Amino acid sequence: MNFDEYTKIIKETVLNEYPAYFQKKIIKRLSEKKEIHIDRRQKNDKNLLDVTMCNSIKDTMKYILDNHDRTIKEIEMFEYEKGYRYCSIFAISNYDDALLEKLKGVKIKKFSDDITEYDNVNFTVMNPTYKIMDDKTIFKFSIYLKNRDDENKRIKYPILAIIHKDIDALEIRLDTVTFAYKNKESFYKDNINSVLAWLRSMLCFNEDSRVMIDNINFESIVRYMKKEKVDDVTIVALKMRRDGMMAYLDSASNEELMIPILGELKKLLYKEKDKFEKSDDTKEIKKILDDFMEEIEETSSLPSVKILWEEKKIKILLTHGYKNEEYTLFKYSDELGDEEMMNYVTNYIIGCKKELDKKCDN
């Protein structure tokens, strides 16, 4: 693929698939780096690309893409740092960056700030670029997606595989895609599995490597968080399964981790608490009911939950056993933030995993 073809794909992706707030972030990044002039109140003393005549975010983004070559590289960097709608997290052990020396060349390419170099884009998960940082190593896979309604339209779909070296976690991040580019219902599962297969092929099955990638039981971690992290998070059950029966919860009206009837019962017990304090018999009845509700909550499986960090304004949906896989799919709600937001969630949840593992070991 030549640079003109690559540029065409980037333009289609950014202008027609990126939300406006992503476009706005790219424009802001270019402005902060003194690449463009966006403030009409200030003089353009450095003769930067002037976009003050543009009337909308999309028009501004299009004008910059048409007239500023450096923007393509900024978008490539943005793909490493932006927020993604979906992710799955795994445990990884025995990873060392020294392994990358054996993969350089055809299999991987170090990310370059040189505008004459650009990402490999393929029809499947292969040939990623990568970045190495103190606490993370990031592989970025770039794949083509064809528009099912217009074969002339293609977009670039990046997928990140982030090895959090300080907490021994592997995180695969991928974004939502519109129906026109989503070739089947198993789109997200297939791409996660493809990245896992590539990583295991290149890292785990390397004769010089002892790298292991394992699934994490996030359902037990959610239960631990519900019990031990009540000051930090709110846990909302979207589904609960007990004795083979599934209960669906209206998450818009219930912010507690329980089957709806249990929520009503808890409210009733609280409202009538004075009546239950009248005698030893009524206290015993209340204890029986409390124990009964706790037992149901403890023994019911949670196929789907929502976790809210209210102070951080972060809301994610967890689907355990996603499409019959052994891993959990995380979905971020509302407007996406950036890598800092996602790193916070990953570090928090893996921190809870380590606390729970330590507790179980003791």
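Some observations on this one:
- Among 7-14, 210-217, 282-289, the order from most to least packed when residues are scored by Cβ within 10 Å on average: 7-14, 210-217, 282-289
- Principal-axis tilt of helix 70-81 within the chain, Cα atoms, nearest 10 degrees: 20
- Helix-only mean residue ellipticity at 222 nm for the chain, each DSSP H run of n ≥ 4 adding -39500 (n - 2.57), per residue, nearest 500: -11500 deg cm²/dmol
- Portion, in percent, of the accessible area of the chain that falls on carbon or sulfur, probe 1.4 Å: 47
- Between the stretch 3-32 and the stretch 155-182, the Cα center-to-center distance that results, in Å: 18
- Nearby lysines by direct alpha-carbon distance to K306 (threshold 16 angstrom, same-chain neighbours under 8 apart not counted): K226, K227, K229, K239, K315, K331
- Helix 280-299 axis, angle to the chain major axis (alpha carbon atoms, nearest 10°): 30
- For the chain, the solvent-accessible area works out to 54 Å² per residue, with a probe of 1.4 Å and every protein chain left in place.
- Globularity index of the chain, i.e. its alpha-carbon radius of gyration over 2.2 N^0.38 Å: 1.19
- The stretch 155-231 - Debye-derived log10 I(q)/I(0), Cα point model, q = 0.17, 0.20 Å⁻¹: -0.88, -1.02
- Dividing the alpha-carbon radius of gyration of the stretch 30-188 by the rule-of-thumb value 2.2 N^0.38 Å gives 1.22.
- Helix 339-361 vs. the chain, principal-axis angle (Cα, 0 to 90°, nearest 10): 40
- A full extension of the chain between N347 and N44 corresponds to an added length of 104.8 nm, given 0.36 nm per residue minus the alpha carbon distance.
The values are calculated or read from the model by the stated rules, or taken from the named source; none is laboratory data. In this text, all values refer to a predicted model and were calculated from it rather than measured experimentally. Positions of Cβ are generated from backbone atoms using ideal geometry, with glycine treated the same way; all protein chains shown enter the neighbour counts. Ligands, DNA and RNA are stripped out before the accessible areas are found, and what is left, the full protein with its side chains, is counted by its heavy atoms. Shrake-Rupley method; radii C 1.70, N 1.55, O 1.52, S 1.80 Å.
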